[in-house]
Amino acid sequence: MTEQAVHAPASLAQRVRGDFPILAQEQDGKRLVYLDSAATGQKPSSVIDAIDSFYRNSNAPIHRSTYALAESSTQLFEGARERIAAFMGATTETTIFTRNATEAINLVAHAWGRDPRTGNIGEGDVVLVTEMEHHSNIVPWQMLCRDTGATLDYVKITDDGLLDADDLAAKLAGGNVKLFAVAHISNVLGTVNDVKALVAQARAAGATVLIDGSQAVPQMPVNVAEIDADFYVWTGHKAYGPTGIGVLHGRRELLATMRPWLGGGDMIKVVNWNDSSYNDLPWKFEAGTSAVAEAVGLGAAIDFIAELGSENIRAHEHALVENALPRLAEIPGLTVVGPGAEARGGVISFTLDGMHPHDVGELLGRENVCVRTGHHCAQPLMRRLGIPATARASFACFNDTDDVDALIEALHKARKVFGL
Ligand SMILES: Cc1ncc(COP(=O)(O)O)c(C=O)c1O
């Protein structure tokens, strides 16, 4: 990172705010304060323009046709893959487009977990997840365990929202953990897990490791070669890209031996009456017509992140969290869940005594302050925390301390409405 590339938090937001057309809109004269990027990210003009331009100028079937337009669309699609792979420290062969992170995890659960030739997961085996996982990183494993007779187990979290290292060590020491699946950043607690160390620890205990990077890719530098997990998944719409596209990075040797999950066009080499030979990586796992415009849009989103610098985005969101945490703590009855700023990404979930999170969300919404409320697709975690739901504010590169001010002010107003 060069000296010039480092931007103070305010200047980063100032620099990029104009890139997000949606932020210009108002509701009853109140500007949009978007604090829900952990649910879905807003899109910069460069992403919107890339998709628009694809449909206006380059739309044609990829891979199959020989005319110039089709070559151009194929080039845009595969070019996006090349840039995404390079940005993530992966190769194009090991960068597979899926619909989202959820589909990427299901792909692994089916193609790796259910493979009857290898018996990767079977009776007596343990699939280990953690108490802080999103449903996407729980339910596919429940289904796999149900079908194979394996057991699903959860690494506990500590009261301050960190993974319980002793519990993890004890569970790995059991010797029968075949798969360990863990979030890089929790979408509720904001906890940033040291995934490189976790991968090393779990692999030393004989487990295959999947990292759910859905929250991490938009928030911090991620290099899958350095992390060295067997599988690393993420989702485009949270990373300033479009919906309908996600990514699975996998260890080449594993992907090469795994059988495809979905069959159909594009994933084959030769189709006979009774059997087929499969395409090379990554296309073996990309059956059917791909989300071409979405891939092009995701390529533009990655260019956007690369241009800002993931380190700068991380520093920026960290500064906002440091600004917001003590101010939130001053609001009577407000409890933040999760660790302190040092172990946290750009996500702050909280409860407010005397108010249901949905009421908090609705009253904040009247001020045009957008936060997410509910269980955040993490019901087991809510159960562990002993609460039904939280409100959650999450940051992106375009947020600044004015947005934190608006959040704090709106929370005070909401308490007043409730007579608190
Ligand atoms: C940590 C985490 N994992 C997985 C997902 C699922 O993402 P998608 O619905 O795009 O597959 C989310 C989305 O909220 C998430 O926050």
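Taken together, the values in this text are just the output of simple stated rules run on the coordinates, not laboratory data. Given the structure is predicted, the values throughout are model-derived calculations rather than measurements. Neighbour counts run over all protein chains shown; Cβ positions are idealised from the backbone, glycine included.
Assorted remarks:
- Between region 123-190 and region 340-385, the alpha-carbon center distance in angstrom: 23
- Label sites at K156 and A200, each approximated as a point 7 angstrom past Cα along Cα to Cβ, lie 2.6 nm apart.
- Calculated [θ] (222 nm, deg cm²/dmol) that DSSP helices of n ≥ 4 give over the chain, each run adding -39,500 (n - 2.57): -11500 deg cm²/dmol
- For region 274-420, the spread of Cα positions along each principal axis, largest first, Å: 70, 38, 30
- Computed P(r) (all Cα pairs; region 49-306; 5 Å bins; percent): 1, 6, 13, 17, 18, 16, 12, 8, 5, 2, 1, 0, 0
- Fewest-first ordering of I84, I408, I387, I313 by other beta carbons within 10 Å of each residue's beta carbon gives I387, I408, I313, I84.
- The chain - percent relative contact order, Cα under 8 Å, separation 6 or more: 23
- Computed from Cα atoms alone, the Kirkwood hydrodynamic radius reported for region 77-179 is 15.4 Å.
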